[in-house]
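Data first, discussion second: the structure below is written as structure tokens.
What follows is calculated from the coordinates using simple rules that are stated; it is not laboratory data. Computed from a predicted model, the values in this text were never measured in an experiment. Because the Cβ atoms are built from the backbone with ideal geometry, glycine has one as well, and the counts that use them run over all protein chains shown.
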Amino acid sequence: MKKIISMTVLNRPGVLNRITNLFSKRNYNIESISVGLTEQEGVSRITCVIHVESDREAEQITKQLNKQIDILKVTDISDQAIVARELALIKVLTTPQTRNELYALIEPFRAAVIDISKDSLVIQITGESDKIEAFIELIKPYGIKELARTGTTAFPRGTQKPVNPQKTYSIV
Amino acid sequence: MLQQAAMAESKAKTEMVTGADLLLEALEKEKVEVIFGYPGGAVLPIYDKLYDSKILHVLPRHEQGGIHAAEGYARISGKPGVVIATSGPGATNIVTGLTDAMMDSLPLVVFTGQVPTNVIGSDAFQEADVLGITTPITKYNYQVRRIEDIPRIVKEAFFIATSGRPGPVLIDIPKDIAATVSKPPEEQEIKLPGYQPTVQPNYLQIRKLSEAVSRAKKPVILAGAGVLLGQASSELKEYAEQQQLPVIHTLLGLGGFPADHQLFVGMAGMHGCYASNMGLSECDLLINIGARFDDRLTGNLQFFAPHATVAHIDIDPAEIGKNVPTAIPVVADAKEALKELIKQNGKPPAHSEWLEQIHKWQEEYPYHYGESDTLKPQKVLEMLYEKTAGDAIVVTDVGQHQMWAAQYYQFKKANRWVTSGGLGTMGFGLPASIGAQLADPERCVIAVLGDGGFQMSTQELTVIKELNLPIKIAIFNNLSLGMVRQWQEIFYDKRYSHSKIPIQPSFVKLAEAYGIKGYEINTAEEAEVLFEEVLNSREPVLLDIRIDPDENVYPMIAPGKGLHEMVGVKP
């Protein structure tokens, strides 16, 4: 199953190395990792998408990350209401015939064309990973020349609806 | 006028300090008594300052020996072991020791030299990416980039190494930073917002555990090295007595609970005793205090403690639930958790049948060995135990002799046992005994070694002579890499591939070459006489003990088997 782990870290030299090292040392499978600055000076946010076999494994990863001295906070946000976005840049081959077709595909996905040349155009698309995957599938037949994805970045929504209401109640 | 200016200048000069000055000042502040270090190009500025320092500096004859000695020192003294190595090969030579300390949670503060800042990354002479290499094998590591950070970094390093779950911390110091002259920097506070180990247990979890103990029919305590690192052995004894709980030890936990106590069961695991392994297999409540459910302890996890509710007290939350699903997690220091449990003063469980059962197992299936014409290693260890009244510090290497020592030397007190458990590092024993003796100079230290492991650190004999450390080096010589030979005998159809080493130097003559007295022992009678003579002497002695080369360690659990599937439990 897929898990999204969000963490804040001290922006010190080697901190990303510590995290990726931990993943390889413990044999964890990482799908994407994105890093960027936050509103606090000296603090960065890292969002990892990982593949795990069980919840226990996800818990173990969270705990191991938490142990790292440069990591301030680790949260498994997979089961929370979250906003998650990824950005992709796609260079697609075009001919005068296909160019208009491509524009028609781009519009419903709210993607944008950010560069055009004689025989190709560059599309920028943001959204959740599923949406980007669907778009890439759609574009593939036209011939993708180059593709760059940023990996997911995410955090919890301001208002949390109870996602998994507790089913059992105890009166003691 | 001119004279005044010159005086002012010289005054300013005396106030200036180098990075190396700051480093030594910081070490003195941490009350460091001994440094295990090896000089080299990149640490010359530091060594120049060490020339005038009051701190004892021990020069091992290989950096790996130095860091193992620091581990032995840390294990016995409870204080962090301090190591200095130069850049490049000096640093890479301590990698094994760092990993060993990381696995066995030993506090170390290790300084490595680095090439000057302006050539880092240029593949300079004796340059190695020490931060990159040591990140996965240290609790934390630093590279000093500004001279004014040295005091804070050293302070933080000692704090990180010794607090929470202890471990090695490395500080990489470029040569120019150590040599730079600067004004004494302003004091900086420790800044570690992401590091707050939990020491106090959660009260509700303690109550839950206490209630589980009262209800249990077959409870056991499994005590690991956390009890020793947390200096909680007296609390463990008090709690076990209050609740009448039988105590099982891991290999590294030995000494945490007195072996002559009626509640002591024995060591568990691959070569543990029958009663301990059956106790773990049959118990209905397993209270793990400071052990990490290592695979050599649990055997096949599928069959591990199948009937038990598992409670786990550990200062490292990541250890709880890592290998064994845990019903009652308690994140805390062992000492604090045990104090709270004692305070609960819960109703002791009604489990007299269980205690009887354990005693029956102990009586029916004790450790055993056969008699023969050749000298049995188990016999030798029994003799060492008797002659030292069980109060010596026993330091071992890795292999058969290590298991026999764990089985036959009955540890009654904490801080008497030094062994490489998690990493199983051959060559550990001899240098570790140097650190152990320095940590407790008056006590008898016995280095129980194999002929294989001894030859991995022979060069450290010089250090023992140099410091005249009265270490008793007992080489259990079976002319083979015994544990490898044992596995080849059992699992590889007696195909002894490269495990027999009949061509050896004369260890007695070798000892003499280093200026140490050496004796060969072939019989129990010889051992009897010699032990009497040498164990109380105040000088180093090497004993080449020729043991039965075909002796195996039993009982044994084959890899992949459960704890209940021991072989060799009966003669």
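Rounded to the nearest 0.05, what FRET efficiency is calculated for B:PHE491 and B:ASP550 with R0 set to 25 Å and r the Cβ-Cβ distance? Before the final figure, lay out the partial values.
Values: r = 16 Å, r/R0 = 0.65.
That pair, B:PHE491 with B:ASP550, gives E of 0.95.
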According to the square roots a ≥ b ≥ c of the eigenvalues of the Cα gyration tensor, what is the shape class of chain B, taking rounded for a/c under 1.5, prolate for a/b larger than b/c otherwise, and oblate for the remainder?
oblate
Determine which aspartates and glutamates satisfy two conditions relative to B:LYS175: a Cα distance under 14 Å, and not lying fewer than 8 residues away in the same chain.
B:ASP21, B:ASP48, B:GLU127
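Could you calculate the FRET efficiency of B:ASP373 with B:LYS561 from 1/(1 + (r/R0)^6), where r is the beta carbon distance between them and R0 is 41 Å, rounded to 0.05? Present the calculation step by step, with values, prior to reporting the outcome.
Values: r = 33 Å, r/R0 = 0.81.
Efficiency computed from Cβ-Cβ geometry: 0.80.
Which whole number gives the average, over all residues in A:59-69, of C-beta atoms from other chains lying within 10 Å of the residue C-beta?
Details: counts 5, 6, 1, 2, 7, 4, 1, 3, 10, 4, 11.
The mean count of partner-chain Cβ atoms within 10 Å per residue comes to 5.
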With everything on Cα atoms, drop me the angle between helix B:233-243 and the longest principal axis of chain B, reported from 0 to 90° to the nearest 10.
30 degrees
Starting with the highest mean, order A:48-61, B:433-446, B:469-482 by the number of other Cβ atoms within 10 Å, averaged over the residues of each peptide.
B:469-482, B:433-446, A:48-61
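Tell me the mean residue ellipticity at 222 nm calculated for chain B from its helices only (DSSP H runs of n ≥ 4, each -39500 (n - 2.57), averaged over every residue, nearest 500).
Working: 24 runs with 218 residues, N = 571.
That comes out to -11000 deg cm²/dmol.
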Between the alpha carbon centres of region B:25-83 and region A:32-98 the gap in Å comes to 42 Å
Nearby lysines by direct alpha-carbon distance to B:LYS500 (threshold 19 angstrom, same-chain neighbours under 8 apart not counted)
B:LYS376
In peptide B:313-321, what is the residue-averaged number of other protein chain Cβ atoms found within 10 Å of each Cβ?
3
What do you get for the angle between helix B:150-162 and the principal long axis of chain B? Use alpha-carbon atoms, 0 to 90 degrees, nearest ten.
0 degrees
How would you classify region B:17-182 from its alpha-carbon gyration tensor, with a ≥ b ≥ c the square roots of the eigenvalues: rounded for a/c under 1.5, else prolate if a/b is greater than b/c, otherwise oblate?
rounded
On C-alpha positions alone, give me the angle between the axis of helix B:2-15 and the longest principal axis of chain B, in degrees, nearest 10.
10 degrees
Give the cross-link partners of B:LYS217 among the lysines, using a straight C-alpha distance below 19 Å as the criterion and excluding same-chain residues fewer than 8 apart.
B:LYS208, B:LYS347, B:LYS360
In chain A, what is the count of Lys pairs whose alpha carbons are under 25 Å apart, counting only pairs at least 8 residues apart or on separate chains?
29
Under the rule rounded for a/c under 1.5, else prolate if a/b exceeds b/c, else oblate, using alpha carbon gyration tensor axes a ≥ b ≥ c, the protein assembly as shown is classed as oblate
Please average, across the residues of B:194-205, the number of beta carbons from any other chain that are within 10 Å of each residue's own beta carbon, and give a whole number.
2
